[in-house]
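A.B. asks: Let me begin by handing over the structure; questions about it come next.
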Amino acid sequence: MKEKSENRQITVKRLPARTWYWLGMNELRMETASAPVRGEIRISLPEEVLMEDTACLPAASEGTEEAAGEDGLGTLLEEAVVPARIFRVGKGCRAADPLALTFRCAGSGLALHDVRLDLADGSSLTVLEDFLPSESGVKMAGVRTSFRLGRGAVLRLIQIQKAGSGFSFVNELRGSVGAFAKLELIQLFLGGGATAQKTRIDLDGTGASFRADLGYQLRGEEKLDISYVVNHRGKKTECGINAAGVLRDRSEKLFAGTIDFKKGSSGSSGHEKEDVLLIDEQVRNRTIPVILCSEEDVAGSHGATIGRLDENILYYLQSRGMGRESVYEMMAQARLNAVIGRIPDSGIQSEARCLLGSQETVAEGERENG
């Protein structure tokens with residue numbers, strides 16, 4: 001593998017429709033650590049899934065657009081010659097057990113992963129991707145998950161980010177959804193220093209659909225940059241993006257969601273919604289929903305609820321014996337539990353709730369000592 005002796009900056013994301021530059025939302029640049037290596041991964045492979053391990057493949061997801069000027073993980077993976085792990089499901093095959101991928105960063109510098117999912121017509125698969133903190137000197141990791149869904153295929157993808165503080169993480173998801181195929185995405189961000197989430201979905205076939213449920217909780221000085229771009233290309237395609245999060249202390253979050261109705265996508269619909277609870281006064285929240293349209297007979301909507309709890313709700317619950325801090329903690333957990341409840345694995349649900357509970361205990365202790 002090639003090694004780089006000096007750090008460099010990469011453009012992780014760039015909005016397809018630019019806004020006022022002074023808002024600081026148009027693009028995200030991150031400094032990468034030196035010496036990129038292939039990260040370690042633990043794999044639980046269902047018997048219906050075929051795994052290949054090779055570097056001799058073209059770039060992931062043909063037809064998926066890149067915004068002008070982006071380099072991102074693709075450039076790093078190619079320069080470091082990181083082999084891709086490919087998982088295939090045959091035509092009409094429905095995997096009974098989930099494909100579980102546990103990412104543990106190892107080595108030093110920058111750990112990279114390239115995961116590719118190929119689902120043939122009529123197949124289905126559930127994938128659990130668990131991103132764990134480093135136990136060594138790694139300060140940054142990047143994971144690119146790409147996919148191709150054939151006609152009528154169903155992919156359920158659950159991603160849980162639990163990286164530690166002082167750690168930078170780039171998570172990139174991209175792929176193509178064929179005719180009448182369905183992508184169901186659940187993402188949880190429960191810790192990490194600086195995290196960038198870039199998602200780009202092409203609804204290529206007639207009747208293709210995509211649903212995303214995203215939950216996040218940020219503490220301390222953690223930063224999270226989320227970018228969704230959904231391209232409606234086929235007729236009668238559907239997408240829904242639902243985000244719910246909690247910001248504490250001095251944390252920062254940016255959510256940029258773009259729904260793009262391309263020419264030829266008549267009869268399509270898409271919506272995005274975000275609900276953000278601001279616990280402390282020093283948090284910084286930025287939300288930029290975008291709908292682009294080059295086609296008639298489409299329906300798009302977006303909305304955001306951002307701020308502290310309504311005083312009427314606080315009064316009602318306090319009048320029934322709950323303290324102000326307890327009300328906020330209950331509401332914070334409720335937002336994330338709604339996302340956790342959609343995970344189709346009771347063990348993963350319990351682990352996520354346990355981690356969420358431990359974070360709430362730490363936050364409450366810091367308030368009492370503050």
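The values are calculated or read from the model by the stated rules, or taken from the named source; none is laboratory data. Model, not experiment: these values are computed from the prediction. As a convention, Cβ positions derive from the backbone with ideal geometry for all residues, glycine included, and neighbour counts pool all protein chains shown.
A.B. asks: Kindly establish whether residue 252 is out of contact with any helix residue (DSSP H, G or I) (no Cβ under 7 Å at 6 or more places or on another chain) and farther than 24 Å from residue 277 by Cβ.
C.D. replies: Here the answer is no, as residue 252 does not meet what is asked.
A.B. asks: Being small (Gly, Ala, Ser), under 18 Å from the mean Cα position of the chain (by Cα), at pLDDT 95 or above and surrounded by 22 or more Cβ atoms within 10 Å (Cβ to Cβ): is that true of residue 212 here? Give the derivation first.
C.D. replies: Working: small (Gly, Ala, Ser): yes; under 18 Å from the mean Cα position of the chain (by Cα): yes; at pLDDT 95 or above: yes; surrounded by 22 or more Cβ atoms within 10 Å (Cβ to Cβ): yes.
The answer is yes for residue 212.
A.B. asks: Residue check, residue 267 against (1) in a loop (DSSP other than H, G, I, E, B); (2) free of Cβ contacts under 8 Å to residues at least 40 places away in the same chain; (3) out of contact with any Lys or Arg (no Cβ under 8 Å at 6 or more places or on another chain), all met but one. Which one?
C.D. replies: (3)
A.B. asks: If I ask for residues that are among the charged types (D, E, K, R), surrounded by fewer than 23 Cβ atoms within 10 Å (Cβ to Cβ) and at pLDDT 85 or above, which ones from region 153-173 would you list?
C.D. replies: If the condition is that a residue be among the charged types (D, E, K, R), surrounded by fewer than 23 Cβ atoms within 10 Å (Cβ to Cβ) and at pLDDT 85 or above, then 156 is the only one that fits.
A.B. asks: While we're on this one: How about region 81-96: which of its residues are surrounded by fewer than 17 Cβ atoms within 10 Å (Cβ to Cβ) and part of a strand (DSSP E or B)?
C.D. replies: The one that is surrounded by fewer than 17 Cβ atoms within 10 Å (Cβ to Cβ) and part of a strand (DSSP E or B): 94.
A.B. asks: Go through region 299-323 residue by residue and tally those that are assigned to a loop (DSSP other than H, G, I, E, B) and either touching a His at 6+ places or on another chain (Cβ under 7 Å) or of a type in the set (Asp, Glu) (or both).
C.D. replies: Taking region 299-323 and keeping what is assigned to a loop (DSSP other than H, G, I, E, B), we get 308-310, 319-323.
Keeping just the survivors that are either touching a His at 6+ places or on another chain (Cβ under 7 Å) or of a type in the set (Asp, Glu) (or both) gives 310.
Residues flagged as assigned to a loop (DSSP other than H, G, I, E, B) and either touching a His at 6+ places or on another chain (Cβ under 7 Å) or of a type in the set (Asp, Glu) (or both) within region 299-323 amount to 1.
A.B. asks: Could you look through region 275-333, keep only residues that are closer than 30 Å to residue 239 by Cβ and of a type in the set (Asp, Glu), and pick out the one that is nearest to the chain's Cα centre (by Cα)?
C.D. replies: 275
A.B. asks: Next up: Would you confirm whether any residue within region 138-150 is more than 18 Å from the chain's Cα centre (by Cα), at pLDDT below 95 and outside any helix (DSSP H, G or I)?
C.D. replies: Yes, region 138-150 contains at least one residue that is more than 18 Å from the chain's Cα centre (by Cα), at pLDDT below 95 and outside any helix (DSSP H, G or I).
A.B. asks: How about region 203-256: which strands (runs of 3 or more DSSP E) wholly inside it have at least 1 residues that are among the β-branched types (Val, Ile, Thr)?
C.D. replies: 223-232, 238-247
A.B. asks: Scan region 181-190 residue by residue and report those that are buried (at least 24 other Cβ atoms within 10 Å of the Cβ) and out of contact with any Phe, Trp or Tyr (no Cβ under 8 Å at 6 or more places or on another chain).
C.D. replies: Hit for region 181-190 is 181, nothing else.
A.B. asks: Another question, then. For region 96-117, name all the residues that are aliphatic (A, V, I, L, M) and modelled with pLDDT under 70.
C.D. replies: Result: 106, single match.
A.B. asks: Looking at region 214-221, is at least one residue small (Gly, Ala, Ser), in contact with an Asp or Glu (Cβ under 9 Å, 6 or more places away or on another chain) and over 27 Å from residue 167 (Cα atoms)?
C.D. replies: Scanning region 214-221 turns up no residue that is small (Gly, Ala, Ser), in contact with an Asp or Glu (Cβ under 9 Å, 6 or more places away or on another chain) and over 27 Å from residue 167 (Cα atoms).
A.B. asks: Looking at 251, 227, which is the one that is modelled with pLDDT under 95, in contact with an Asp or Glu (Cβ under 6 Å, 6 or more places away or on another chain) and crowded, with 22+ Cβ neighbours inside 10 Å?
C.D. replies: Among 251, 227, only 251 is modelled with pLDDT under 95, in contact with an Asp or Glu (Cβ under 6 Å, 6 or more places away or on another chain) and crowded, with 22+ Cβ neighbours inside 10 Å.
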